[in-house]
1. Mind putting a number on the dipole of the chain about its Cα centre? Charges go on the C-beta only, +1 for Lys and Arg and -1 for Asp and Glu, and I need it in Debye to the nearest 20.
2. List the residues, sorted by chain then number, that are 5 or more residues from Trp65 or on another chain and whose placed amide H is less than 5 Å from its amide H.
3. I need the Kirkwood Rh of the chain: take the reciprocal of the average 1/r across all distinct C-alpha pairs and report it in angstrom.
4. So what J values fall out for the range 37-51 if you push phi through Karplus, 6.51 cos²θ - 1.76 cosθ + 1.60 with θ = phi - 60°, rounded to Hz, Gly and Pro as x?
5. Which Cα, out of His92, Ala27, Gly69, lies furthest along the positive dipole direction of the chain (beta carbon charges, K/R +1, D/E -1)?
6. Give, rounded to the nearest 20 debye, the magnitude of the charge dipole that the range 1-58 has about its Cα centre when Lys and Arg contribute +1 at Cβ and Asp and Glu contribute -1 at Cβ.
7. Compare Ala86, Ala15, Ala45 in a GNM of the chain, Cα atoms joined below 10 Å, and give the one with the largest fluctuation.
8. What is the chain's relative contact order, in percent, from Cα pairs under 8 angstrom and six or more apart in sequence?
Amino acid sequence: SLLIFKGHEAPVNDARFNPNGDVIGSASQDFTVKLWNARNGQAIATLPGHASIVNAVAFHPQTEWLVSGGGDKMMRLWRESDGMFAKEIRGHKGQVND
């Protein structure tokens with residue numbers, strides 16, 4: 001059956017499955033990343049911290065980490081298991097798109 005994921009307050013720019021296929025990460029224009037249970041559509045965590053829209057999210061294929069990038073020219077590293085923020089990566093001259 002079709003699942004509808006509700007929770008972002010603005011359009012979603014990107015969404016990706018984790019390597020196991022049980023979690024989805026979404027990047028939104030509401031300045032957040034959300035983690036979702038892929039089986040039931042329930043929100044697991046909201047990851048705030050970007051100062052602008054979030055354009056992209058990606059899961060590392062072999063570890064528990066994911067990265068987000070956005071219009072604030074930053075990448076942010078998060079732990080998938082609990083949404084803990086780990087590190088901010090600066091240095092891009094423009095927004096991070098992928």
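1. The dipole magnitude comes to about 140 debye.
2. His60, Glu80
3. Answer for the chain: a Kirkwood hydrodynamic radius of 13.2 Å.
4. Going residue by residue, I get 6, 6, 7, 10, x, 7, 5, 9, 7, 10, 10, x, x, 6, 9 Hz, with x marking Gly and Pro.
5. Sorting the options by dipole projection puts first His92.
6. Dipole magnitude for the range 1-58 comes out near 120 debye.
7. Evaluated over the chain, the most mobile residue of the options is Ala86.
8. Taking the mean separation of contacting Cα pairs over the length of the chain, I get 20 percent.
Rule-based calculations on the coordinates, nothing more; no lab input. All values reported here derive from a predicted model rather than from experimental measurement. Note that each Cβ is placed from the backbone with ideal geometry, even for glycine, and that neighbours are counted across all protein chains shown.
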